[in-house]
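Quick notes on the structure that follows.
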């Protein structure tokens with residue numbers, strides 16, 4: 001048991017070192033800048049919506065404040081006029097008639113409801129670049145400037161943003177926002193800066209129209225759950241690079257329950273198990289788990305668990321300040337190690353999950369996240 005105890009303590013130390021490395025990568029990404037392009041391409045910013053997300057009006061208004069020197073338009077989309085987001089979108093367009101318009105979905109070409117909307121919205125778009133943000137995303141005024149600067153880099157066909165959860169008022173939403181901040185931002189930064197592997201994040205991306213057409217348009221991913229990741233692979237095969245923009249967008253999550261947190265994270269884990277072989281290494285990113293095992297083997301290893309818990313809190317709180325300008329409240333910070341354990345439970349659940357309920361549709365998820373009706 002002494003050998004096992006020593007190994008587990010070593011894994012705790014290694015995990016802390018890996019997180020320190022990721023923290024450095026996140027800092028580099030958040031402070032990276034590209035020169036402005038010589039010509040600002042015209043852009044169509046699409047915003048597919050379903051249901052009334054937390055602070056939807058405020059999220060939309062952040063898009064109206066975008067500062068972009070080139071021509072750009074904002075196209076909102078809903079599946080039908082009966083959607084709760086429809087009235088909100090109508091009111092927003094009425095306030096910004098020169099900038100925004102609203103389009104209802106035309107047809108039902110695939111099983112991915114978000115992609116179905118994007119097919120319609122792109123049909124109505126005029127820009128050389130097709131950008132999009134999810135309905136629960138709040139942006140900064142430089143959103144399109146960052147996309148344009150990234151897309152001006154050699155061979156880049158798609159640019160994307162990481163995202164930071166914000167607005168937490170419940171324990172579940174705090175867990176959700178801790179996860180996006182401590183998982184999405186540093187892993188995305190490490191993947192791109194250390195391994196030249198860009199993780200495309202569907203919360204906010206922009207793709208050159210020519211690149212989109214080269215991979216078969218949105219129609220090529222209409223029956224996939226992980227449409228963003230599969231697009232990245234297709235772009236690489238077509239000779240295009242993808243690139244992360246420096247400023248995370250905000251993903252507003254205010255009222256989630258812990259159950260909803262587990263459901264969402266198990267769904268995302270299910271996706272990763274189907275598209276990314278390295279997913280089995282993810283537990284090594286959570287030193288608290290290994291600290292618990294070390295204490296279970298030898299209670300004298302309590303210091304390893306405490307070290308892991310303290311570093312997890314420092315790691316997440318630091319990234320929160322860097323990525324959204326403020327940290328978590330004190331009562332939330334002390335629960336970060338608990339979040340690690342709950343997240344791992346959701347991760348394990350995702351390994352055995354095969355269905356998803358998405359916008360009212362029950363779908364079975366197969367290899368490469370191929371969707372079929374359950």
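Rule-based calculations on the coordinates, nothing more; no lab input. Computed from a predicted model, the values in this text were never measured in an experiment. Counting neighbours? That spans all protein chains shown, and the Cβs are built from the backbone with ideal geometry, glycine included.
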(request) Evaluate the range 209-314: find the radius of gyration of its Cα atoms, find its Kirkwood radius, and give the ratio Rg to Rh. (result) 1.11
(request) For helix 113-124, report the angle its Cα long axis makes with the longest principal axis of the Cα atoms of the chain; keep it between 0 and 90° and round to the nearest 10°. (result) 30 degrees
(request) Between the alpha-carbon centers of the range 282-301 and the range 184-214, tell me the distance in whole angstrom. (result) 33 Å
(message) Modelling each spin label as a point 7 Å along the Cα-to-Cβ direction, I'd like the residue 61/residue 280 distance in nm, to one decimal.
(response) 5.0 nm
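For the range 33-252, rounded, prolate or oblate, judged on the Cα gyration tensor with a ≥ b ≥ c (square roots of eigenvalues), a/c < 1.5 rounded, else prolate if a/b > b/c?
Rounded, because the longest to shortest axis ratio a/c is under 1.5.
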(message) At 222 nm, what value in deg cm²/dmol follows for the chain if DSSP H runs of at least 4 each add -39500 (n - 2.57) and the sum is divided by all its residues, to the nearest 500?
(response) -15000 deg cm²/dmol
(request) May I ask for the angle, rounded to the nearest 10°, between helix 227-237 and the longest principal axis of the chain, with both axes built from Cα atoms and the value confined to 0 to 90°? (result) 80 degrees
(request) Restricting to the chain, compute how many DSSP beta bridges are antiparallel as a %, nearest 5. (result) 45 percent
(request) List the residues of the range 160-188 whose backbone N lies under 18 Å from a point placed 7 Å from the Cα of residue 334 along the Cα-to-Cβ direction. (result) 170-172, 174-175
(request) Report relative contact order for the range 33-252 in percent, whole number only (criteria: Cα-Cα under 8 Å, sequence separation at least 6). (result) 27 percent
(request) Place the peptides 4-14, 89-99 in order of packing, highest mean first, counting for every residue the other Cβ atoms within 10 Å and averaging per peptide. (result) 4-14, 89-99
(request) Counting only C-alpha contacts under 8 Å and six or more residues apart, can you give the relative contact order of the range 9-155 as a whole percent? (result) 36 percent
(request) Using a 10 Å cut-off on Cβ atoms, rank the peptides 134-142, 57-65 from the highest mean neighbour count down. (result) 134-142, 57-65
(request) List 43, 313, 1 from most exposed to least, where exposure is judged by having the fewest other Cβ atoms within 10 Å. (result) 1, 313, 43
(message) Report the gain in length on full extension from residue 237 to residue 52: 0.36 nm times residue separation, minus Cα-Cα distance, nm rounded to one decimal.
(response) 62.9 nm
(request) In Å³ and rounded to a whole number, note down the convex hull volume per residue for the Cα atoms of the chain. (result) 132 Å³
(request) Quick one: compute the contact order of the chain, relative version, from alpha carbon pairs under 8 angstrom and 6+ residues apart, as a percent. (result) 22 percent
